[in-house]
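So the structure is just underneath, and the comments pick up after that.
The values are calculated or read from the model by the stated rules, or taken from the named source; none is laboratory data. The model shown is predicted, which means the values in this text are computed figures rather than measured ones. Using ideal geometry, Cβ is built from the backbone for each residue, glycine included, and neighbour counts are taken over all protein chains shown.
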Amino acid sequence: MIINSRLLSRLIATATALALIPASLQATGRLIQLGTLSSLVQGVYDGSMPMDTVQRPEGFGLGTFEHLDGEMLVIDGVVYRVAVDGKVNKPSADSMIPFACVSVLDDADVNEEIGAAASKAELEKLLKAKLPSLNYPSLIVIEGEFDMMTTRSVPAQQKPYPTLVEVVAEGQKVFELGAQKGTIVAFYCPSSFAGLNAPGFHFHFLNEARDAGGHVLELALKNGTLQIQTLTSYQLILPPLESAFAGSDLEPAEAPAKVQGE
């Protein structure tokens, strides 16, 4: 069989990139992102990347699943899914992902006890003051005790997909979890990331019992342990050319700073 040089070069480049994905998650201070927020906001929910791309030892992350089927958390390399009924499960290994962010917490810039924050806005203000720089993305992990936690999840969608704003406005399920112990996994992104990711903070929560959580809408922190790792390297993995992402009209792609309901 004869393979032309251009095709061979593409095959080698693709194989090399795929081989580097697992290793890249071992690099200190690297944000690995699958897909873009702007495509998710506009309704590109087809999964195009395998779950094992984010399932790495010591990994922490957040995202969603194919068809927007629930909220994703990655804690210590384990992937959890908070479904629209509030139940938590570990998705199957062949699950596909349209959007996720993950990093490895192996060299935290901040590692300290933190006190109370009466609201999500107050916690964001506290975190913003502790970030080493507002010009870099950061991974944030809080192991804490919460006086109150309100989260949400969303149902799986069918084509033609509505926009994310429409899904949240019409279909999100809100969970009033009350007092909880558990883990917040969050990312901070500077405003320069708009379109690629959400500027500001994005919080997901999973309780200590691993049976409740979701995207955080409101909270009251009693106390906890805070770890922040500044991410000075950024790897964006886009869906393949054969995916729905390639054929979608994403121009102009203007991702809102906050999705309605947050």
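If you go through region 58-74 one residue at a time, do you hit one that is assigned to a loop (DSSP other than H, G, I, E, B), farther than 23 Å from PRO155 by Cα, in contact (Cβ under 8 Å) with a residue 24 or more places away in the chain and not hydroxyl-bearing (Ser, Thr, Tyr)? So far as region 58-74 goes, yes, one or more of its residues are assigned to a loop (DSSP other than H, G, I, E, B), farther than 23 Å from PRO155 by Cα, in contact (Cβ under 8 Å) with a residue 24 or more places away in the chain and not hydroxyl-bearing (Ser, Thr, Tyr).
Across region 179-202, the qualifying residues are those that are of a type in the set (Phe, Trp, Tyr) and surrounded by fewer than 23 Cβ atoms within 10 Å (Cβ to Cβ), and the one among them that is farthest from GLU143 (Cα to Cα) is PHE193.
A quick yes/no check of all residues on (1) without any contact (Cβ under 8 Å) to a residue 12 or more places away in the chain; (2) closer than 24 Å to VAL88 by Cβ; (3) more than 18 Å from the chain's Cα centre (by Cα):
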residue	(1), (2), (3)
THR151	no, yes, no
GLN158	no, yes, yes
GLU176	no, yes, yes
LEU221	no, yes, yes
ILE237	no, no, no
GLU251	yes, no, yes
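Just wondering, is there one or more residues in region 11-31 that are among the β-branched types (Val, Ile, Thr), surrounded by 20 or more Cβ atoms within 10 Å (Cβ to Cβ) and either modelled with pLDDT of 50 or more or assigned to a helix (DSSP H, G or I) (or both)? No: region 11-31 contains no residue that is among the β-branched types (Val, Ile, Thr), surrounded by 20 or more Cβ atoms within 10 Å (Cβ to Cβ) and either modelled with pLDDT of 50 or more or assigned to a helix (DSSP H, G or I) (or both). Only residues that are more than 20 Å from GLY178 (Cβ to Cβ) and surrounded by 15 or more Cβ atoms within 10 Å (Cβ to Cβ) were counted in region 110-125, giving 3. Here GLY214 fits the description: crowded, with 21+ Cβ neighbours inside 10 Å and either of a type in the set (S, T, N, Q) or closer than 21 Å to VAL41 by Cα (or both).
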